[in-house]
Amino acid sequence: MESHFVTRYNRTVRELERSMTNQYAPQGVFAPESAPVQTLSLAEEPEKFDKGRFVVGTLIGILAVHLLALAAPFTFTWAGFGVFVGMLCMTSILGITLCYHRLLTHRSLETSKALKYVFTFIACLALQGGPIRWVSTHRLHHSTTDKSADPHSPMRGFLWSHLLWNFYRHPKLESLKDMNHYAPDLCKDRGFRFFEKYYAALYLVCAALFFIVGTLIHGWQLGLSFVVWGFALRTVYTWHATWLVNSASHLWGYRSYKTADTSRNTWWVALLTFGEGWHNNHHAHPHTARMGYAWYEIDMTYWVIKLLQVLRLAHKVVPRPQPVQIIP
């Protein structure tokens, strides 16, 4: 199966190389949309590829959460399902897509420092790493998309871009000093360094609190339901939904922009990730807060951003470029 995906990626690369133009070159990671850019040719992919250091702890953690999630059919309660939905909306929309991705990585909007910390705390409950490593990884991805240095390059196959890359520590992101090169704005902030260090502990403490609350309400069975559904199963969902942006949205879907990579707009990934699946739009204009451009490109995270703007909790929201240039 893996060879099938590799073959399809290679065919996509050849198609892009034939149609590559400077007109639709991707913009900077968080630079103004008018900044000069340079188109990168996919033919420049170096042969050397360093996976980095294998991290046993990450493998054990991801495996443990998946195993606990298997208990979901045996621990179902409607209250537990409600916790699942509530925590999913909070950690996916407010935590990962709005905070980690659009607010911290691309600076597509601004909020108060206190609200940034609140959103970052919520993002830690998604268990996708601390804010500094997440932002550094994603900024590195945008600067080396589909190249050997891309942390989850789709050129290495579907399994690598979807899952396997998580088990390795990228050689350019080994230490806080290394990550300071990609996220100096976060590394110099004491609050973000705190979340970077204790994100896993915060996750475990909150899971324990939910177990205690459920137990006090209706016994340990409800407490276990809260943990399995609200944390384990919800975390697994959020993980794979996010990873599908790295894998599926470089393989299936349509391309509205001739970017110098294999990014695609994948409608079903957009639904699973509350708007992140419009990946080709995003790689064409990564600085904008909105990812869905056409009326049918639903971007629920952007709806939340607009609500925050109306409530005067968000400002400097970067609009999409006008006019929007789309491939005929």
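Note on Lys177 and Val56: their simple-model spin labels are 2.6 nm apart, each label 7 Å out from Cα toward Cβ.
By other beta-carbon atoms within 10 Å, ranking Ile62, Ile212 with the fewest at the front produces Ile212, Ile62. Once backbone amide H atoms are built at 1.01 Å from N, Tyr168 has Val55 as its partners under 5 Å, excluding neighbours fewer than 5 places away on the same chain.
Would you mind ranking Arg312, Arg290 so that the residue whose beta carbon has the fewest other beta carbons within 10 Å leads the list? Before the final figure, lay out the partial values.
Values: Arg312 7, Arg290 23.
With the sparsest Cβ surroundings first, the list reads Arg312, Arg290.
For region 256-308, relative contact order (Cα pairs under 8 Å, six or more residues apart, normalised by length) works out to 31 percent. Look at the alpha carbon pairs under 8 Å that are at least 6 residues apart: their mean separation over the length of region 58-310 gives a relative contact order of 24 percent. With a cut-off of 16 Å on the backbone N, the residues of region 231-260 near the modelled label site 7 Å out from Trp268 along Cα-Cβ are 240-254.
State which entries of Lys147/Lys177; Lys116/Lys172; Lys177/Lys258; Lys188/Lys316; Lys188/Lys258 exceed 30 angstrom in Cα-Cα distance in the structure shown.
Details: Lys147/Lys177 23 Å; Lys116/Lys172 26 Å; Lys177/Lys258 35 Å; Lys188/Lys316 22 Å; Lys188/Lys258 36 Å.
Checking Cα-Cα distances, Lys177/Lys258; Lys188/Lys258 exceed 30 Å.
Residue separation times 0.36 nm, minus the C-alpha to C-alpha distance between His240 and His66: what's the value?
Numbers: separation 174, 0.36 × 174 = 62.64 nm, distance 1.09 nm.
Value of the extension gain: 61.5 nm.
So what's region 58-310 giving for Rg/Rh, alpha carbon basis, Kirkwood Rh from the mean inverse pair distance?
Values: Rg = 17.9 Å, Rh = 18.6 Å.
Rg/Rh: 0.96.
Taking 0.36 nm per residue of separation and subtracting the Cα-Cα distance, full extension of the segment from Tyr198 to Leu159 would add 11.2 nm. Which FRET efficiency, nearest 0.05, do Thr215 and Ser143 yield, Cβ-Cβ r, R0 41 Å? Taking R0 as 41 Å, the efficiency between Thr215 and Ser143 is 0.30.
Bear in mind these aren't lab numbers, they're just calculated from the coordinates by the rules spelled out. Here the structure is a predicted model, which means the values were calculated and not measured. For neighbour counting, all protein chains shown are included, and Cβ atoms are generated from backbone atoms with ideal geometry for every residue, glycine included.
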